[in-house]
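The values are calculated or read from the model by the stated rules, or taken from the named source; none is laboratory data. Here the structure is a predicted model, which is why all the values come from computation and not from measurement. All Cβ positions, even for glycine, are placed from backbone atoms using ideal geometry, and neighbour counts span all protein chains on display.
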Amino acid sequence: MSENIKKLTRSISIDWTLVFTLLATSFVVAVSSQISIPLPNGVPMTLQTFSVALVGFCLYKNNKGLKSIVTYLFLGLLGMPVFAQGKGGFTSLIGLTGGFLIGFIFLVYFCQKTMSCNSAWTKVLFSLVGLLLLHVFGVLQYNILTGMGFVNSALLVSVPFLLKDCLSVLLALLVSSKFKTI
């Protein structure tokens, strides 16, 4: 049996560059989540949208951006204080802001997909679709947890953030054009 374990461990290879990349970009998103302004509605204003979009634009090859955000969410799920205001754990994912956290998956996915497009307008359009999905998931979860109704929830936790988030995604697209993507 120990011989089988030795054979198995020899056949497992770890891409340490990928591991470092995923952890480093998760750290960047975690830091950007700590730069936040708490609001009375329970959803703080952060720089996460910018950093998540930037990860998607810069790490689009082989879904590295998506893997990075899943890593970030997994670290938070494990209880590490990577979410806004130093929060972490399962309760953050099922709490008032959990829909937005899950929505990051859609934002990064669409940002990644835009990088195969040649048209700047297509890149903007697809990344804004990802942003819209992020907001829809955030509003839906907020609506379910508070019982406020979808429109009232959107007016409280989405509409006030839309301009900032649109500008964040567009700035991330512009900034990413200056970096070598991996």
Worksheet item: Limited to region 64-96, what total is found for residues that are free of Cβ contacts under 8 Å to residues at least 60 places away in the same chain and either assigned to a helix (DSSP H, G or I) or in contact with a Lys or Arg (Cβ under 9 Å, 6 or more places away or on another chain) (or both)?
Response: 22
Worksheet item: Would a scan of region 105-113 turn up a residue that is surrounded by fewer than 23 Cβ atoms within 10 Å (Cβ to Cβ), touching a Phe, Trp or Tyr at 6+ places or on another chain (Cβ under 8 Å) and touching a residue at least 40 places away in the same chain (Cβ under 8 Å)?
Response: yes
Worksheet item: Taking region 35-57 as the search range and keeping residues that are more than 16 Å from Phe83 (Cβ to Cβ) and buried (at least 24 other Cβ atoms within 10 Å of the Cβ), which one is farthest from the chain's Cα centre (by Cα)?
Response: Phe57
Worksheet, complete the sentence: When every residue in region 135-182 that is touching a Leu at 6+ places or on another chain (Cβ under 7 Å) and of a type in the set (Gly, Ala, Ser) is compared, the one modelled with the highest pLDDT is Ala172
Practice prompt. Taking the options Val157, Val151, name whichever one is farther than 30 Å from Ser116 by Cβ and loosely packed, with under 14 Cβ neighbours inside 10 Å.
Written response: Val151
Fill in: Matching residues, region 93-104, being modelled with pLDDT of 95 or more and within 23 Å of Ala24 (Cβ to Cβ)
Phe100, Leu101, Ile102, Gly103, Phe104
